[in-house]
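Asker: One structure is given below, represented as structure tokens, and several questions about it will come after.
The values are calculated or read from the model by the stated rules, or taken from the named source; none is laboratory data. This is a predicted model, so every value here is computed, not measured. Here Cβ is always computed from backbone atoms with ideal geometry, including for glycine, and neighbour counts include all displayed protein chains.
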Amino acid sequence: MGVQPLSSIISESRVRGGSDRQRGQVLVIFAGGLVLIIAVAALVFDIGQALLDRRTEQNAADAAALAGARYIPTTTGTFQGTCASRTSGQLADAQLKHVNTACDVATAYLSAEGMAATVTVKYPPGPESIFSNLEGNIEVQIDATRASFFAGLFGITARNTGALGVASNSSGYSLPYSLLALNPCGTSSVTGNGGVAVNGSVQVDSACNPALKISGGGTLQSPECDTVGSYQISGGGSGCSVMSSGMQASGDPLRELPPPAVPATLGSFIKEPGESKDPPSGCPSGGSSTSATSPLTCTFNASFATHNYRMTPGYYPGGFKLNAGNFYMEPGIYYIGGGGVSMGGNGVMVVTVDSGTQTYGGGVLLYNGEFADPSYCVGGTGAGCVGTMTFNGSSAGTKLMPIQDTIYKNMLIFGARTTGGDITLNGSSTDLLLNGTIYAPNSSITVNGSGATSLSVQVIASDFKVTGAGGTLTVTYDAGGVFQLAGVGLVQ
């Protein structure tokens, strides 16, 4: 057998060496890919399972809180602890029926789902709830720990999940807010050289920064201001007695409240005794009236100054603008089917009255909606579109009481949830007097204070902007004069 040349041996060795190096590179790439695959698996399995657990826990907490609330207010024993810590005496205590029922429902629900968790029940709710220490509400917390699937390979051996539910059972419970902003990512603000004083709490649900901004010499006086995101105070501004960020969002506490139905009959403008001037064309009862099939905006211009009209509840398909004249609003629901509302200004008086009189009193609900046929809403500005609402206090003034009956008792304004119609309240001296709850979850509310303006209202809106002009705007919170929660329902 011949001897293999040295050059051939060296060449073959180089080939084998190159092949070995390639195999080593593939091994490194495979190892890196395996780590990535495991990381993706951790994301899919561990985070996915955490979301599933969180959903199960929330369902259990909500169901338990609702079940316990049904026994309030007939059972009112206080309890602040885990279900497992209850003594035999507490289990047999008839005044803890609400607590024991909540524990039983939560435990049974979790057991059916094969989940082990710690259940805590608090009556009244604890400090982690926006309904802390308020009777008529029961809180259920659920906390669980589950071993990780793949995340343990990265040192994460377990993960914690939890949920909180609060339910209420009350026939006369009012929400504790003067101002509640629901926009999850917006900025509510207080600016200007004036002061804003509210004697209820302020809650801003925005998780964006800043959620609440106080600037330009503006002052916000309140017992407590809570925000989910941060708050910012600058430019000589001053904040509430207690300022807290990183709080839990309230959510819309009235989300289950149904809007009023479209009335079967139109509202109307009726000439008061001795009045000779007919309402303008385009107004219900006017010469060429709006109708339920063709909305027109009713406008009283400057030529109607000093003239007197009575308004009746019903359907106003294109809204109304009361720029001049004297108007007496009969008690009831005024359903605005587009076009919005404008009240007040120089030479205008708008007042709610006791039925058949000119005496301030009565009460109304203004529902700001849109026309049923979308073809009448052109470009977002037509008479059939949801319009803005403007209330001005000057000259004779605007004085409105909230409705005093139906499920909307003590509510003055209900803004459509589907789309926003922004609301502006322009105060001047004492000529703007509004009472009750303004509920417009998709609307921005602007309050302009000038002089000493006082509003006895509660505002629940997407966000709020309060400006001052050297005066003091006082938003008085009267728990008995705002919308009341009734019956059993989830509130957080």
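Asker: Just checking, does the range 247-256 include any residue being in the same structural domain as residue 182 (by TED's automatic domain parsing) and either free of Cβ contacts under 8 Å to residues at least 12 places away in the same chain or within 23 Å of residue 191 (Cβ to Cβ) (or both)?
Answerer: Among the residues of the range 247-256, at least one is in the same structural domain as residue 182 (by TED's automatic domain parsing) and either free of Cβ contacts under 8 Å to residues at least 12 places away in the same chain or within 23 Å of residue 191 (Cβ to Cβ) (or both), which makes the answer yes.
Asker: Quick check, is residue 353 of a type in the set (A, V, I, L, M) and within 28 Å of the chain's Cα centre (by Cα)?
Answerer: Taking the combined requirement at face value, the residue does not satisfy it.
Asker: In the set 293, 306, which member is at pLDDT 90 or above, over 30 Å from the mean Cα position of the chain (by Cα), surrounded by fewer than 22 Cβ atoms within 10 Å (Cβ to Cβ) and not charged (D, E, K, R)?
Answerer: It is 306.
Asker: For the range 456-474, which residues satisfy the criterion of being surrounded by 24 or more Cβ atoms within 10 Å (Cβ to Cβ), at pLDDT below 80 and of a type in the set (A, V, I, L, M)?
Answerer: 473 - this is the single residue of the range 456-474 that is surrounded by 24 or more Cβ atoms within 10 Å (Cβ to Cβ), at pLDDT below 80 and of a type in the set (A, V, I, L, M).
Asker: Against the definition (modelled with pLDDT of 95 or more and more than 21 Å from residue 300 (Cα to Cα)), how does residue 332 come out, yes or no?
Answerer: Judged against the criteria, residue 332 is a match.
Asker: Of all residues in the range 316-351, which are among the hydroxyl-bearing types (Ser, Thr, Tyr) and buried (at least 24 other Cβ atoms within 10 Å of the Cβ)?
Answerer: 316, 334
Asker: Looking only at residues in the range 389-405 that are in a loop (DSSP other than H, G, I, E, B), out of contact with any Lys or Arg (no Cβ under 8 Å at 6 or more places or on another chain) and at pLDDT 90 or above, which one is surrounded by the fewest Cβ atoms within 10 Å (Cβ to Cβ)?
Answerer: The extreme case among them is 405.
Asker: Can residue 263 be described as more than 19 Å from residue 460 (Cα to Cα) and of a type outside the set (Lys, Arg)?
Answerer: yes
Asker: Is there a residue in the range 73-92 that is in a helix (DSSP H, G or I), at pLDDT 90 or above, outside the structural domain of residue 248 (by TED's automatic domain parsing) and within 33 Å of the chain's Cα centre (by Cα)?
Answerer: yes
Asker: Still on this model: Tell me whether the range 378-388 contains one or more residues that are more than 22 Å from residue 259 (Cα to Cα), at pLDDT 95 or above and either assigned by TED's automatic domain parsing to the domain that holds residue 295 or out of contact with any Leu (no Cβ under 6 Å at 6 or more places or on another chain) (or both).
Answerer: The answer is no, given that none of the residues of the range 378-388 is more than 22 Å from residue 259 (Cα to Cα), at pLDDT 95 or above and either assigned by TED's automatic domain parsing to the domain that holds residue 295 or out of contact with any Leu (no Cβ under 6 Å at 6 or more places or on another chain) (or both).
Asker: Among (1) of a type in the set (Asp, Glu); (2) outside any loop (DSSP other than H, G, I, E, B); (3) more than 18 Å from the chain's Cα centre (by Cα), where does residue 275 come up short?
Answerer: (2)
Asker: Looking at 414, 371, can you tell me which residue is more than 22 Å from the chain's Cα centre (by Cα) and over 15 Å from residue 352 (Cα atoms)?
Answerer: From the options 414, 371, the qualifying one is 371.
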